[in-house]
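Remarks on the structure that follows.
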Amino acid sequence: MTLRVVVVLALCACAVRGDRYHGEDVGAKGAAANARQRPAPLEAERTKQFWYDEAQAAIEKRARRSSGQGKAKNIVMFLGDGMSVPTLAAARTLLGQRQGRTGEESELSFESFPSIGLSKTYCVNQQIADSACSATAYLCGAKTNNGVLGLTAAVPRYNCEASLDTSTHLDSIAAWAIADGRDAGVVTTTRITHASPAGLYAKAANRNWERDEQVTSENVDIGQCRDIAHQLVHHYPGNELKVILGGGRREFYPNTTVDGEGRRGRRTDGRNLVEEWISQKRSRNASYSYQWNKSALKDALANPPDYVLGLFQDTHLPYHMEADQTTKPTLAEMTELAIKTLQRNEKGFFLFVESGRIDHAHHDNYAELALDETIQMSEAVKVATDLLSEEDSLIVVTADHAHVMSFNGYTERGGDILGRSSGSADDSVPYMTISYTNGPGARPRPEGERIDVTADNNYGASRWRSHAEVPRSSETHGGDDVGVFARGPHHDMFSGVYEQSQLPHLMAYAGCFGPGKHACSAGPAIHAPILLLVVLTICQILRL
């Protein structure tokens, strides 16, 4: 058997279940070896209260040092899915080089924010996170198991019955904001039912239950555990979201219906959830807009309705570099519509914006596409900073997990970030400044020798794969801490290194809503030295 065949077989052996980007490893030997001497997580970590208490204790400690004042009327959370620290460094370099500079000195829009921290991304049951357990952490304030959405770690993945216990249910920061009288919305470049955006509104024991057939095919009672698309339209807080923009039309249309771009839906229950969403808004006598192309989005910008549902692709939106700019909106354009729609609420709003395809490009070892999607998020953040005042609007930019892209070698200043390293290899074969520790970019090694990847026919193309060391059909996530950038009221609360599950509690603290401590009611404890000085001054005046 040739080495090439062996590599192909190895790639095929990587099981992909439900989502080709996020396959599940089922190697029993590897799992058994890794399990040796492995301590179990604390039982308390399976509860909501453990993570709530952990967050509140951290907030109290940080608040003593904080000089922050005021209240965040509006909160926008930007998420770069898979946006690792090396991804940031490489993306800023690519941005500068596209502008004709050396690149390394460039800056993404949010890198000038006054406060920077790092969050720890592990799940309760897994060292390296997926986008479901991490979304539950940074949106619902409690860590959970890999593949689980909006539920505590007491619910094993795929266990519908366990998820019916309401004590395992978690509310997101969107629900906290809505309960406070604010509006909420979600924007993404992935399917709107994908793991990250679904963390805002869904409770699911399996992130892959995006439509009905994916639930019933696993012999799960759809009457008990509704699919994620159904939850968005009919369950709280999804049915209260004022703005929903992304991809994923196929999850909402029956397989007998063809959408505006000639693609069939994939629902097998005969339900048209888009029509049900429209009917629901009509029953409230509310203005609404359903959109499936850029033209409709531009029309809504001129006069935003009460509710907006935009599904601009049957699945994920195309990569920005490959999209038809006349029909597909950019992340920045969707962000602009979302903010202009939501900011009409005088009490304020919470908005979640995801650049989701950074992750997908990394999984395929498409370095240029991953970096470009990061740059597009930077553009979306700039829209938000231009539209919202730093005095009353908190903007937080972070990632859910890292990837295994490496920025390496001894490349000279200004060297092509997407090109070969200036450094020499011991075997004299070129290697790239950007490479991956695993993924589909792994090449066969005839007679054990590395091949020159710069000789590939498509070398330099956007879908050319940078080389990887370990062959896998899909590159894996990384376990690194990820950056957190904050601007606005109480931004300094986001500095340091902390659990990812603290993020929604920190945002709610700054906005004075949700469970736990609020900046608005924490004045005497936080500013005790100032209060003492005032009291002493008054006493001195009275004595005189």
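What follows draws every value from the coordinates through simple rules; no lab data is involved. Computed from a prediction, not measured in an experiment: that's the story for all the values here. Because the Cβ atoms are built from the backbone with ideal geometry, glycine has one as well, and the counts that use them run over all protein chains shown.
If you take every DSSP beta bridge whose two residues both sit in the chain, what share of them, in percent to the nearest 5, is antiparallel? Intermediate values should be presented prior to the final figure.
Details: 18 of 58 bridges.
If I count the DSSP bridges inside the chain, around 30 percent turn out antiparallel.
Within the stretch 216-264, list the GluC sites (Glu not before Pro) lying in a DSSP loop whose Cβ has at most 16 other Cβ atoms in a 10 Å radius.
GLU218, GLU261
Take the cross-link list LYS73/LYS340; LYS73/LYS294; LYS281/LYS347; LYS340/LYS382; LYS298/LYS328; LYS242/LYS298 and give me the ones stretching past 19 Å between alpha-carbons.
Beyond 19 Å: LYS73/LYS294; LYS281/LYS347.
Under 5 Å between amide H atoms, partner at least 5 residues away or on a different chain: which partners does SER115 have, H built in plane at 1.01 Å?
ALA486
Add +1 for every Lys or Arg and -1 for every Asp or Glu among the other residues with Cβ under 13 Å from the Cβ of ARG182, and state the total.
It works out to a net charge of 0.
Kindly put THR193, THR374, THR47 in sequence by how many other C-beta atoms sit within 10 Å of each C-beta, fewest to most.
THR47, THR374, THR193
For LYS120, enumerate residues with amide H under 5 Å from its amide H, sequence gap 5+ or separate chain, H modeled in the peptide plane.
Long-range HN contacts for LYS120: TYR498, GLU499, GLN500.
Compute, for the stretch 260-341, the length of the dipole vector about the Cα centre, with Cβ point charges of +1 (Lys, Arg) and -1 (Asp, Glu) only. Units Debye, rounded to 20.
On the way: 12 positive and 11 negative charges, 52 e Å.
With only Lys, Arg, Asp and Glu charged at Cβ, the dipole is about 240 debye.
Using the number of other C-beta atoms within 10 angstrom as an exposure proxy, rank HIS169, HIS360, HIS320, HIS401 with the fewest first.
If I rank by nearby Cβ atoms, fewest first, I get HIS169, HIS320, HIS360, HIS401.
Identify the GluC sites (Glu not before Pro) of the stretch 370-448 meeting these criteria: DSSP loop state and at most 12 other C-beta atoms within 10 Å of the C-beta.
Passing both the DSSP loop test and the Cβ count: GLU391, GLU412.
Work out the length of the dipole vector of the chain about its Cα centre, built from +1 on the beta-carbon of each Lys and Arg and -1 on the beta-carbon of each Asp and Glu, and round it to the nearest 20 debye.
840 debye
Could you name the aspartates and glutamates whose alpha carbon sits less than 16 Å from that of LYS143, not counting residues in the same chain fewer than 8 places away?
GLU43, GLU45, ASP53, GLU54, ASP130, ASP171, ASP400, ASP481, GLU499
Report the calculated FRET efficiency for ARG20 and SER283 (r = Cβ-Cβ distance, R0 = 45 Å), to the nearest 0.05.
The pair ARG20/SER283 has a calculated efficiency of 0.70.
For HIS518 and SER424 in one chain, what is 0.36 nm times their gap in residues minus the Cα-Cα distance, to one decimal in nm? Can you show the working numbers first?
On the way: separation 94, 0.36 × 94 = 33.84 nm, distance 5.51 nm.
Roughly 28.3 nm would be gained on extension.
Anything in the chain that counts as a DSSP H helix reaching 27 Å or more along its axis (C-alpha) with Kyte-Doolittle mean of at least 1.0? List them, would you?
Helices meeting the span and hydropathy rule in the chain: none at all.
Run lengths n ≥ 4 of DSSP H only: what is the helix-derived mean residue ellipticity at 222 nm for the chain, with -39500 (n - 2.57) per run over all residues, to the nearest 500?
My calculation for the chain gives -9500 deg cm²/dmol from helical runs alone.
Among CYS160, CYS140, CYS123, which comes first, then next, by fewest other beta-carbon atoms within 10 Å? Each step should come with its number before you reach the end.
Values: CYS160 19, CYS140 28, CYS123 24.
If I rank by nearby Cβ atoms, fewest first, I get CYS160, CYS123, CYS140.
Using a simple spin-label model with points 7 Å from Cα along the Cα→Cβ vector, what separation in nm is obtained for ASP221 and SER167?
Those two pseudo-labels are separated by 2.1 nm.
Pulled fully out, how much extra length does the chain show between ASP299 and LYS61, if you take 0.36 nm times their separation in residues and subtract their Cα-Cα distance?
Values: separation 238, 0.36 × 238 = 85.68 nm, distance 4.75 nm.
Extra length available between ASP299 and LYS61 comes to 80.9 nm.
Given R₀ = 30 Å, what would the calculated FRET efficiency be for LYS347 paired with ASN272, taking r from the Cβ atoms and rounding to 0.05?
FRET efficiency, LYS347 to ASN272: 0.35.
State the label only: which of (1) 80, 59, 46; (2) 93, 60, 54; (3) 117, 49, 44 corresponds to Cα extents along the principal axes in Å computed from the shown model?
Of the listed options (1) 80, 59, 46; (2) 93, 60, 54; (3) 117, 49, 44, (2) comes from this structure.
By how many nm would the segment from ARG98 to SER389 lengthen if fully extended, with 0.36 nm per residue of separation less the alpha-carbon distance?
So the chain would gain 101.8 nm between ARG98 and SER389.
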